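For reference, the structure is listed below as structure tokens.
The values are calculated or read from the model by the stated rules, or taken from the named source; none is laboratory data. Small disclaimer: the values here were computed from a predicted structure and weren't measured. Reconstructed Cβ throughout: ideal geometry from the backbone, glycine too, with neighbour counts over all protein chains shown.
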Amino acid sequence: MHKLIELQKITEERISSLREEVEIATNVKLNPLYIVDRRDEIEFLEWATRIVRSILNRDNGRQQEQVSGTKNRLEVADTIEFENILKDRTNELNSKLKESTILRESDTLINEIDT
């Protein structure tokens, strides 16, 4: 659970930072592709944050009733669940990448996979 909370904080900070970057880049009219890449990254991080929040919210009630050994097992189970969700998402993106014929779309997918 502790690692998921840390991950949530890190992603929220990164989202905030990226939003500032997008705002600045938009104001100074930087390359639109740069802005789109940042927005794509924000979208992915928001998706990851929603998954983490759902796991944390689901487990908040359960964890109040659990002892430390059970808490550790729940944390491991939650971490494994999150890793599996990320693997599924990566596989989905890789499939889209294989089917993609547009260079810009491919670059966006590669960026999201890397993220």
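Against the list (1) at pLDDT 85 or above; (2) outside any helix (DSSP H, G or I); (3) surrounded by 12 or more Cβ atoms within 10 Å (Cβ to Cβ), the condition Leu30 fails is (1). Residue selection: Ser17 fails the criterion of being polar (S, T, N, Q), exposed (fewer than 14 other Cβ atoms within 10 Å of the Cβ) and at pLDDT below 85. Of everything listed in (1) in contact (Cβ under 8 Å) with a residue 24 or more places away in the chain; (2) within 23 Å of Ile85 (Cβ to Cβ), the single unmet condition for Ile10 is (1). Annotation note: Cβ proximity below 6 Å between a residue of the range 93-115 that is within 15 Å of Leu45 (Cα to Cα) and a residue that is assigned to a helix (DSSP H, G or I) and among the aromatic types (Phe, Trp, Tyr) (sequence gap 6+ or interchain) occurs for Glu112/Phe44; Thr115/Phe44. Apart from one condition, Arg50 fits all of (1) touching a residue at least 24 places away in the same chain (Cβ under 8 Å); (2) of a type in the set (Lys, Arg); (3) surrounded by fewer than 15 Cβ atoms within 10 Å (Cβ to Cβ); the exception is (1).
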